[in-house]
Amino acid sequence: RKTKRRTIRALWITRLNAATRERGLRYSQFIAGLVKANIELDRKTLSEMAIHDPAGFDAVFAIVKNALG
């Protein structure tokens, strides 16, 4: 069970890393921007948004990018 959770979380992080790199940031910068912008979406939700709702993910990404300066 723990291994499955670990694997799924790694998948979410890999997806987010790919989506954020396409838009010009690294995963770690994106997560730091989420914290700075006070956005409390989890990695699962963000990963699903990146795949199924690119426009929504772009909106979140824009907020994060502005928060980073």
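The values are calculated or read from the model by the stated rules, or taken from the named source; none is laboratory data. For clarity, every value in this text was computed on a predicted model and none was experimentally measured. Positions of Cβ are generated from backbone atoms using ideal geometry, with glycine treated the same way; all protein chains shown enter the neighbour counts. Please note that ligands, DNA and RNA were not included when accessible areas were found on the heavy atoms of the full protein model with its side chains. Shrake-Rupley method; radii C 1.70, N 1.55, O 1.52, S 1.80 Å.
Using a Förster distance of 22 Å, how high is the FRET efficiency between Ala18 and Asp53, based on the Cβ-Cβ distance and rounded to 0.05?
0.90
How much area per residue is accessible in the chain when the probe is 1.4 Å and only protein heavy atoms are counted (Å²)?
Computed with neighbouring chains in place, this is 69 Å² per residue.
Cα axis of helix 2-23 to longest principal axis of the chain: angle in degrees, 0 to 90, nearest 10?
30 degrees
Mind listing the phi-derived Karplus ³J(HN,Hα) values for segment 34-39, rounded to whole Hz, using 6.51, -1.76 and 1.60 with θ = phi - 60°, and x for any glycine or proline?
4, 5, 5, 7, 6, 9
How would the chain be classified by its alpha-carbon gyration tensor: rounded, prolate or oblate, with rounded meaning a/c under 1.5 and the a/b versus b/c comparison settling the rest? Walk me through the numbers before you get to the answer.
On the way: a/c = 1.93, a/b = 1.64, b/c = 1.17.
Taking the square roots of the gyration eigenvalues as a ≥ b ≥ c, the chain is prolate.
Compute the long axis of helix 43-52 from its Cα atoms, compare it with the longest principal axis of the Cα atoms of the chain, and write down the angle in degrees, 0 to 90, nearest 10.
Value to nearest ten degrees: 70.
Mind counting lysine pairs for me in the chain? Cα separation below 26 Å, and the two need to be 8 or more apart along the chain or on different chains.
Total qualifying Lys-Lys pairs in the chain comes to 5.
What's the extension gain from Lys4 to Ile39 if we count 0.36 nm per residue and subtract their Cα-Cα distance?
9.9 nm
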